[in-house]
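Input: a single structure, listed below in structure tokens.
The values are calculated or read from the model by the stated rules, or taken from the named source; none is laboratory data. Since this is a predicted model, take the numbers as computed values, not measurements. Methodologically, a virtual Cβ is constructed for each residue, glycine included, from the backbone with ideal geometry; neighbour enumeration extends over all protein chains shown.
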Amino acid sequence: MNKGIPVSMLLISVLTVFSSCSDNSNQKSFSDADWPGCVLGFYPENGNETLPTGDFYEIDDFEKLIQHEVGSVVWFPTWDDEFPLDACQKLADRGIIPHLTWELFWPSSDPNNSRETGPNGYQGFNDVLDGKYDEYIDRFADDAKTYKSEVLIRFLHEFNGNWYVWSGNKNGAENGGPEKVVAVWRYVVDRFKNKGADNVKWLWVPHGPSTDLAIEAWNHVSNYWPGSEYVDWIGLDGYNFYPQDPWGGARPLRDFDNCFRELYDSCAVLGDHPMMIAEFGTGEFQLEDFDKAAWITDAFNKIKTDYPRVKIFTWFNINKELDWRANSSPEALAAFKAAMKDPYYIGSPYKHLKQGK
């Protein structure tokens, strides 16, 4: 006859179950991307202001808008910022992967990220390699380690373009530019590793075809590869600016394959890491029967069928250079919502990891 479980044992069992549900550190690693399909991620219009404070109304609004759960969000802290511990924890508690694009500049002294580079390239690079920011890097790493759950850090993103001060183009170009980028990448990652911040997953992200991107051999993405041991995820950025950018320059039409096919193939041979579309989108356009709605439909069909290693996508949901938002028109929104009805596109990956799928 069962006489019942002692109260003390019952209490221990309840606390154990509660701990396993609330402690994100017990979750399976997302670094292997061991889930079916592709996670829906996005950048909110005001994300740089709202997300660091833990104000997630834009996530709620986007989920209602597209009628789908979000699994990852990105924002853009700089080297003026500390590691956003509270915000990351709140996102993880909600089952959302925090994705930090950690920009190596200081808006307090250079608000537009437009500092001139000199004969020795970006002074910020030189100062990092000379140890000037070791204390800051170590503190950021220590705080990230304290967070315990995993976090994506996208560092030196779009390094093969010509628009950021941390690009190879602005740090020597054919005269050692890619090597300088690699040196800074390894320097920072090594300091995180020395601190034991292994929960930080490093996201290495070149940009796809652009009229602002050098096509010479020195700028090939393989020249920026820091080595598999320095990378956890490979990301890809790309946009369709057609028919022209906001500065009046004519831009070619780029469908999803034009943005990503060559870049995906070039990156896929560098390592067996999971991949993600770290930023992408299109403005409104019309060319015969092809428009933004058709572009969206094509993009998500292609991710599913032709880009199997892409396990997260990040829609750049902001009206910035162009209106990249999913709801820039009723037709675009309808296409986005229809694409997300495919069960291949999932929200929180943690739910799938916990289920062992």
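Farther than 24 Å from Tyr350 by Cα, of a type in the set (D, E, K, R), in a strand (DSSP E or B) and at pLDDT 95 or above, is that true of Asp237?
Answer is yes for this residue.
Starting from the range 50-66, keep only residues that are within 20 Å of Pro330 (Cα to Cα), then list their pairs with residues that are at pLDDT 95 or above and among the acidic types (Asp, Glu) whose Cβ atoms are within a distance under 8 Å, requiring at least 6 positions of separation or different chains.
Partner pairs satisfying both residue conditions: Glu58/Glu45; Glu63/Glu69.
Could you tell me whether the range 217-227 includes any residue that is of a type outside the set (A, V, I, L, M), within 30 Å of Val189 (Cα to Cα) and surrounded by fewer than 14 Cβ atoms within 10 Å (Cβ to Cβ)? Show your work before the answer.
Here is the first cut: in the range 217-227, the residues of a type outside the set (A, V, I, L, M) are 218-220, 222-227.
Filter once more, keeping what is within 30 Å of Val189 (Cα to Cα): 218-220, 222-227.
Remaining after also requiring surrounded by fewer than 14 Cβ atoms within 10 Å (Cβ to Cβ): 222, 227.
Within the range 217-227 (the criterion being of a type outside the set (A, V, I, L, M), within 30 Å of Val189 (Cα to Cα) and surrounded by fewer than 14 Cβ atoms within 10 Å (Cβ to Cβ)), the answer is yes, since at least one residue qualifies.
If you take the residues of the range 136-174 that are part of a loop (DSSP other than H, G, I, E, B) and touching a Gly at 6+ places or on another chain (Cβ under 8 Å), which of them is farthest from Pro98 (Cα to Cα)? Let's see the steps before the verdict.
So the first thing to find is which residues in the range 136-174 are part of a loop (DSSP other than H, G, I, E, B), and the list is 148-150, 156-168, 172-174.
Still in the list and also touching a Gly at 6+ places or on another chain (Cβ under 8 Å): 157, 159-160, 165-168, 172.
Working: His157: 16, Phe159: 22, Asn160: 24, Val165: 25, Trp166: 23, Ser167: 24, Gly168: 27, Gly172: 33 Å.
Going through the qualifying residues, I end up with Gly172.
Are any of the residues in the range 211-220 of a type in the set (S, T, N, Q), within 25 Å of Gly168 (Cβ to Cβ), over 19 Å from the mean Cα position of the chain (by Cα) and not in a helix (DSSP H, G or I)?
The answer is yes, given that some residue of the range 211-220 is of a type in the set (S, T, N, Q), within 25 Å of Gly168 (Cβ to Cβ), over 19 Å from the mean Cα position of the chain (by Cα) and not in a helix (DSSP H, G or I).
With touching a residue at least 24 places away in the same chain (Cβ under 8 Å) and out of contact with any Ser or Thr (no Cβ under 9 Å at 6 or more places or on another chain) as the only criterion, which of Val165, Val189, Val221 stands out? Spell out the reasoning first.
On the way: Val165 fails: out of contact with any Ser or Thr (no Cβ under 9 Å at 6 or more places or on another chain); Val221 fails: out of contact with any Ser or Thr (no Cβ under 9 Å at 6 or more places or on another chain).
Going through Val165, Val189, Val221 in turn, the sole match is Val189.
Hey, among Lys337, Lys351, Lys341, which residue is modelled with pLDDT under 95 and either within 20 Å of Lys292 (Cα to Cα) or surrounded by fewer than 19 Cβ atoms within 10 Å (Cβ to Cβ) (or both)?
Exactly one residue qualifies, and that residue is Lys351.
Mind checking which residues of the range 107-135 are part of a helix (DSSP H, G or I) and free of Cβ contacts under 8 Å to residues at least 60 places away in the same chain?
Restricting attention to the range 107-135, the residues satisfying the condition of being part of a helix (DSSP H, G or I) are 123-129, 134-135.
Within the range 107-135, Gln123, Gly124, Phe125, Asn126, Asp127, Leu129, Asp134, Glu135 qualify.
If you take the residues in the range 109-126 that are of a type in the set (Ser, Thr, Tyr) and more than 24 Å from the chain's Cα centre (by Cα), which one is farthest from Asn175 (Cα to Cα)? Even if it seems obvious, please write down each step before you answer.
Keep residues of the range 109-126 that are of a type in the set (Ser, Thr, Tyr), which gives 109, 114, 117, 122.
Cutting the leftovers down to more than 24 Å from the chain's Cα centre (by Cα) gives us 109, 117.
Working: Ser109: 28, Thr117: 14 Å.
So, considering only residues that are of a type in the set (Ser, Thr, Tyr) and more than 24 Å from the chain's Cα centre (by Cα), the one farthest from Asn175 (Cα to Cα) is Ser109.
Could you list, in sequence order, all residues of the range 107-121 that are surrounded by 12 or more Cβ atoms within 10 Å (Cβ to Cβ) and on the phi < 0 side of the Ramachandran plot? Even if it seems obvious, please write down each step before you answer.
Our first condition is that a residue be surrounded by 12 or more Cβ atoms within 10 Å (Cβ to Cβ); within the range 107-121, this holds for 107, 110, 113, 115, 117, 121.
Residues satisfying the conditions are Pro107, Asp110, Arg115, Thr117.
Looking at Asp198, is it part of a loop (DSSP other than H, G, I, E, B), within 23 Å of the chain's Cα centre (by Cα), at pLDDT 95 or above and of a type in the set (Asp, Glu)?
On the way: part of a loop (DSSP other than H, G, I, E, B): yes; within 23 Å of the chain's Cα centre (by Cα): yes; at pLDDT 95 or above: yes; of a type in the set (Asp, Glu): yes.
For Asp198, the condition - part of a loop (DSSP other than H, G, I, E, B), within 23 Å of the chain's Cα centre (by Cα), at pLDDT 95 or above and of a type in the set (Asp, Glu) - is met.
Exactly one condition in (1) touching a helix residue (DSSP H, G or I) at 6+ places or on another chain (Cβ under 7 Å); (2) over 24 Å from Asp142 (Cβ atoms) is false for Pro252; which is it?
(1)
Consider the range 257-285. How many of its residues are part of a helix (DSSP H, G or I), closer than 11 Å to Gly208 by Cα and aliphatic (A, V, I, L, M)?
1
Has the range 291-300 got any residue that is under 17 Å from Val74 (Cα atoms), crowded, with 16+ Cβ neighbours inside 10 Å and modelled with pLDDT of 95 or more? Spell out how you get there, then give the answer.
Initial filter on the range 291-300 (under 17 Å from Val74 (Cα atoms)): none.
Checked the range 291-300: no residue is under 17 Å from Val74 (Cα atoms), crowded, with 16+ Cβ neighbours inside 10 Å and modelled with pLDDT of 95 or more.
Can you give me the number of residues within the range 74-106 that are in a helix (DSSP H, G or I), free of Cβ contacts under 8 Å to residues at least 60 places away in the same chain and crowded, with 20+ Cβ neighbours inside 10 Å?
2
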